[in-house]
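Take a look at the structure set out below.
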Amino acid sequence: YLWTIGDIIALVHGPEESQETVFDEVKPLLTSLLDGYNVCIMAYGQTGSGKTHTMIGSRSEDPTAAVQDSQQGIIPKAANELFKLISEKPADSHTVEMSVVEVYNNEVLDLLARDEGGATVGVKREVITTSTGTSEVPCLTYELVRSSAEVMQLINSVLKLRSHSPTLVHMDSSRSHFIVTLTVSSKSPDALALGMIYSVSSRVSDLIQALQVQMKISCINRSLSALSDVLGALVERRPHVPYRNSKLTHLLQNAIGGDATLLIMLCVSPTQRFLAESLQSLGFGARARQVQREPSRRKNTALRMK
């Protein structure tokens, strides 16, 4: 795992590293969150390179079953740390809301939306640009969460909705981008937000021949190409940044082009067979490092897709 913070490569974590060691690199960002700064965490890498293990960790088939702390990924550990920090504040001073969005075939799906029977279903939503130039998702569902256990119960339940298509690389490989946002609201004038971006996949194996799968891969590749184009425009400080060339970049506009603290994790395979994919991921990271951002500012309103 290659970690980039701003223009600095911080650490490389091998497969032998514990989940706790990896999370230690993220923990300071949660403190800055409660200080009033927005945070965005993005995992990027090819299919099967370890994004799910890094961000989610081990997962039981039973969505209500607990997972050992040592096997938890960044999202459950971050949620646990967040609620721990909140517990040290005055009682009822903060509330946490959660949204879960998937970008699949260039469509935005609200994975917390429920049907008349109360079951979660993926409902299509649109991304809009507000009068202030930020991106929003009208009618996006938010759930009030009171503990890290509630966060993971929601995530585990919606993961079953995600669209899967077996590949020669990874038989349970998801063909989509998965975005979890925790919004922390305070009774103080500041509203805080933590955006966790999960599973932004790079190019997958060229061995897949099925037309339907090729179409889905093409949508993913177009999204990632658009993401690279946005980074290029930011690096070159162009007057126009093409956020709206894809739903993914439009959705992430506030994090990529805003003033959120952005941390990108590159997940790469250790085998020579996937050298091209690994080099592509490293190239993406190198480009991201070149983006010059203004220092993060305290936010008066939450970073919300609502």
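Structure data summary
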{"item": "³J(HN,Hα), Karplus 6.51/-1.76/1.60, whole Hz, each residue of region 252-261, x for Gly, Pro", "result": "8, 4, 5, 7, 6, x, x, 10, 5, 6"}
{"item": "Cα-Cα pairs of region 92-161 separated by more than 19 Å (percent)", "result": "41"}
{"item": "Rg and Dmax [Cα atoms of region 91-132; Å; Rg one decimal, Dmax integer]", "result": "14.0, 43"}
{"item": "Distance violations [Cα-Cα > 18 Å] among K77/K160; K51/K77; K51/K247", "result": "K77/K160; K51/K247"}
{"item": "Simple spin-label estimate for A149 and E107 in nanometres, 7 Å along Cα-Cβ", "result": "3.6"}
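Bear in mind these aren't lab numbers, they're just calculated from the coordinates by the rules spelled out. What you see is a predicted model; the values in this text were computed from it and never measured. Positions of Cβ are backbone-derived with ideal geometry, glycine not excepted, and every protein chain shown enters the neighbour counts.
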